[in-house]
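Notes follow the structure.
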Amino acid sequence: MAGMVAAVIRNIVILTGAGISAESGVPTFRGPDGLWEGHRVEDVATPQAFRRDPVLVQRFYDARRAALVHVEPNPAHLALARLDREWTGDLLIVTQNVDDLHDRAAEPGHGRPARLVHMHGELKSALCGRCGATQPWDGDLTGADPCGCGGTLRPDIVWFGEMPYHMDRIDAAIAGCDLFVSIGTSGAVYPAAGFVDAARHAGARTLEINLEPSAGTQLFDEARHGPAGRLVPEWVDALLGG
Ligand code: APR
């Protein structure tokens, strides 16, 4: 069966969300209490929130960035990094996550996975609110010097009401894919939540891997429910032929 599947599938798009990093210890957004580390998502993840209280928002993301040193990629990230190295067809891994766990899952020396895009930005990047320049960022942004142009630096995160990154590349990849796989995302946030529909229109097979049924679970041809750390390596092993 795995060989048969691999023979007909060439072009794959994979969407990942917070659930893929949950087993690494990164909290998801929509927990049972509806709060993200004690805040409503809208209070720390909108341009309005940043205008209203830039220090609160900077500190919030500074804490998320600092927490990255305590987490490691889990078997799901490692399996997708292996798929990126070994899959000879087209592949695009689209992550909504702003952590760097997909990036770090690439083998040392291999560098950042070439076929990965962070559609909602990255914690380890700073964005100038005035000129739009980005730069790699490791420490705190609170109290950082302004950009060379004089603008204030902000987290390079796509907030609610802002345009996600790489949409042209993502749309083109989905239009040409034969398999779309959604991993660890609740399907609550657009445009990512609409990718499964676009993939179906493109004639792709669709697979959901999530701890529980997502908001759009009925749109998928197949759904596997359980922890990504077990289900994603199983799926990649089968696809690559063991
Ligand atoms: N394995 C698989 N799935 C899991 C696991 C796990 N171990 N743990 C949790 N999940 C699932 C949850 O059941 C939930 O459906 O992951 C999903 C996480 O959903 P959200 O917290 O809503 O995260 P996500 O879908 O990535 O959020 C999308 O919302 O706030 C914005 O920009 C932010 O990128 C984020 C976007």
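The values are calculated or read from the model by the stated rules, or taken from the named source; none is laboratory data. Everything numeric in this text was worked out from a predicted model, so none of it was measured. Backbone-built Cβ (ideal geometry, glycine too); neighbour counts: all protein chains shown.
Residue by residue through segment 190-242, note down the ones that are among the aliphatic types (A, V, I, L, M), near the ligand (Cβ under 10 Å from one of its atoms) and crowded, with 18+ Cβ neighbours inside 10 Å. Full working, then the answer.
At the first step, the residues of segment 190-242 found to be among the aliphatic types (A, V, I, L, M) are 192-193, 196, 198-199, 202, 204, 207, 209, 211, 215, 219, 223, 228, 231-232, 236, 238-240.
Now narrow it down to the ones that are near the ligand (Cβ under 10 Å from one of its atoms): 192-193, 209, 211, 215, 228, 231-232.
Within segment 190-242, ALA192, ALA193, ILE209, ALA228, LEU231, VAL232 meet the criteria.
Just to be sure I understand, how many residues within segment 153-176 are within 20 Å of ALA126 (Cα to Cα), without any contact (Cβ under 8 Å) to a residue 40 or more places away in the chain and either among the charged types (D, E, K, R) or within 14 Å of the ligand (Cβ to nearest atom) (or both)?
3
Would you check if THR185 is touching a residue at least 24 places away in the same chain (Cβ under 8 Å), touching an Asp or Glu at 6+ places or on another chain (Cβ under 6 Å) and of a type in the set (Val, Ile, Thr)?
Numbers: touching a residue at least 24 places away in the same chain (Cβ under 8 Å): yes; touching an Asp or Glu at 6+ places or on another chain (Cβ under 6 Å): no; of a type in the set (Val, Ile, Thr): yes.
No: the conditions fail for THR185.
Every residue, every condition in (1) modelled with pLDDT of 95 or more; (2) more than 18 Å from the chain's Cα centre (by Cα); (3) within 22 Å of GLY139 (Cα to Cα); (4) not acidic (Asp, Glu), yes or no:
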{"residue": "ASP43", "(1), (2), (3), (4)": "no, yes, no, no"}
{"residue": "VAL55", "(1), (2), (3), (4)": "no, yes, yes, yes"}
{"residue": "VAL71", "(1), (2), (3), (4)": "yes, no, yes, yes"}
{"residue": "LEU92", "(1), (2), (3), (4)": "yes, no, no, yes"}
{"residue": "ASN97", "(1), (2), (3), (4)": "yes, no, yes, yes"}
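Against the condition more than 13 Å from the ligand (Cβ to nearest atom) and of a type in the set (A, V, I, L, M, F, W, C), how does PHE180 come out, does it pass?
Details: more than 13 Å from the ligand (Cβ to nearest atom): yes; of a type in the set (A, V, I, L, M, F, W, C): yes.
Criteria met by PHE180.
Going by the structure shown, is GLY143 within 13 Å of the ligand (Cβ to nearest atom) and either part of a loop (DSSP other than H, G, I, E, B) or surrounded by fewer than 19 Cβ atoms within 10 Å (Cβ to Cβ) (or both)?
no
State whether one or more residues within segment 100-110 are of a type in the set (A, V, I, L, M, F, W, C), crowded, with 21+ Cβ neighbours inside 10 Å and within 13 Å of the ligand (Cβ to nearest atom). Spell out how you get there, then give the answer.
First, pick out the residues of segment 100-110 that are of a type in the set (A, V, I, L, M, F, W, C): 101, 105-106.
Next, from what is left, pick out any that are crowded, with 21+ Cβ neighbours inside 10 Å: 101, 105-106.
Then keep just the ones that are within 13 Å of the ligand (Cβ to nearest atom); that gives 101.
Checked segment 100-110: at least one residue is of a type in the set (A, V, I, L, M, F, W, C), crowded, with 21+ Cβ neighbours inside 10 Å and within 13 Å of the ligand (Cβ to nearest atom).
Can you find, within segment 64-96, the residue that is nearest to the ligand (Cβ to nearest atom) among those that are over 15 Å from ALA228 (Cβ atoms) and among the hydrophobic types (A, V, I, L, M, F, W, C)?
Start the filter on segment 64-96 by keeping residues that are over 15 Å from ALA228 (Cβ atoms), which leaves 64-70, 84-92, 94.
After this cut, where a residue has to be among the hydrophobic types (A, V, I, L, M, F, W, C) as well, the list is 66-69, 87, 91-92, 94.
Working: ALA66: 19, ALA67: 16, LEU68: 16, VAL69: 21, TRP87: 21, LEU91: 20, LEU92: 17, VAL94: 11 Å.
The qualifying residue nearest to the ligand (Cβ to nearest atom) is VAL94.
Sort out which residues of segment 50-93 are over 30 Å from ALA172 (Cβ atoms), among the aliphatic types (A, V, I, L, M) and buried (at least 21 other Cβ atoms within 10 Å of the Cβ), and write them in order of number.
Passing the criteria: only VAL57.
Determine if segment 123-133 includes at least one residue that is at pLDDT 95 or above, under 19 Å from GLY19 (Cα atoms), within 16 Å of the ligand (Cβ to nearest atom) and under 18 Å from the mean Cα position of the chain (by Cα).
Within segment 123-133, one or more residues are at pLDDT 95 or above, under 19 Å from GLY19 (Cα atoms), within 16 Å of the ligand (Cβ to nearest atom) and under 18 Å from the mean Cα position of the chain (by Cα).
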